[in-house]
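Undergrad: Following this message is one structure expressed as C-alpha cells.
We did not get these values from a lab; they are worked out from the coordinates using the rules stated. What you are looking at is a predicted structure, and each value in this text was computed from that prediction instead of being measured. Every residue, glycine as well, gets a Cβ built from its backbone with ideal geometry; the counts of neighbours run over all protein chains shown.
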Amino acid sequence: MLSNACQYAIRSILYLGMRSDEEHKIGVKVISKELEVPQPFLAKLLQQLNKSNLVTSTKGPYGGFYLSETNKQHTVWDIVSLIDGNEKFNQCFLGLSKCGDDNPCPVHFTVSAFKQKLFQDFKEKTIAEFVEEIKLKGRYISLKSFEILKPDSDS
C-alpha cells in the first residue's frame, strides 16, 4: 500500500524518535545500517524530510539527524502526504481505477475498515505517541538483530 520510500521514511523517523535528540544526533550511515536501507536513497529521503521540517539536521563533525520536540508532534500522515501524496488511501487495494462503495472491487468492503482505521491512526497519533508505543510494547522497526531459524533439513 505504501511505497518503499514512504516505508523507509516512516521507519527512519520512528528510529530517530527512539534514539536521538538535540544532544544525540545520528548520521545517515548509522541509520542506513541499523534499518537496512540503501544509504544513498535514505540520504536523499532524509534531506527531503528535513526541508519539510519533519526531521532536523545539523552539519559538521558532530552533525547528523534528530527529532526535535516539534518534529515529534507531526503525524505519520504528514510523512505519507509528503512522500506518497494525499490520495494513497483513496486508491483501490487491487489497483482498479473505478472502485468505491457504489462500484466495489472484490475486496473493497474487506479492506475498507482496515484502511479507515489505519488512516485514522496515521492522522491522529503523533510520532511521539508511536515512539512511546514502540518502547512500551516492544514493537520492531527493523529485523536486523533477529536470528532467523532455519528448519532442520532432516525433517
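Undergrad: Please work out whether the range 4-137 counts as rounded, prolate or oblate from its C-alpha gyration tensor, where a ≥ b ≥ c are the square roots of the eigenvalues and a/c under 1.5 means rounded, while otherwise a/b larger than b/c means prolate and anything else oblate? Mind dumping the intermediate values first?
TA: Working: a/c = 2.63, a/b = 2.03, b/c = 1.29.
It comes out prolate by the Cα gyration axes.
Undergrad: Once you place label points 7 Å from the Cα toward the Cβ at residue 3 and residue 68, how far apart are they in nm?
TA: For the pair residue 3/residue 68, the computed spacing is 2.7 nm.
Undergrad: Can you tell me which of 87, 34, 124 moves the most in a GNM of the chain? Springs connect C-alpha atoms under 10 Å apart.
TA: 87
Undergrad: Among residues other than residue 53 whose Cβ falls under 13 Å from its Cβ, what is the net charge (Lys/Arg +1, Asp/Glu -1)? Before the final figure, lay out the partial values.
TA: Working: positive: 51, 72; negative: 69, 78.
Residues close to residue 53 contribute a combined charge of 0.
Undergrad: May I ask you to list the lysines whose Cα is less than 19 Å away from that of residue 33, ignoring any residue fewer than eight positions away on the same chain?
TA: Partners within reach: 25, 44, 144.
Undergrad: Mind giving me the FRET efficiency for residue 137 and residue 51? R0 is 30 Å, r the Cβ-Cβ distance, nearest 0.05 is fine.
TA: Efficiency for this residue pair is about 0.40.
Undergrad: For the range 4-137, give the magnitude of the charge dipole about the Cα centre (Cβ charges: +1 Lys/Arg, -1 Asp/Glu; no others), in debye to the nearest 20.
TA: 400
Undergrad: Here's something else I'd like to know. Where does the charge balance sit around residue 113 when Lys and Arg score +1, Asp and Glu -1, over other residues with C-beta under 15 Å from its C-beta?
TA: 0
Undergrad: Something else about it: How much FRET efficiency would the formula 1/(1 + (r/R0)^6) give for residue 33 and residue 97, where r is the Cβ-Cβ distance and R0 is 41 Å, rounded to 0.05?
TA: After rounding, the FRET efficiency stands at 0.55.
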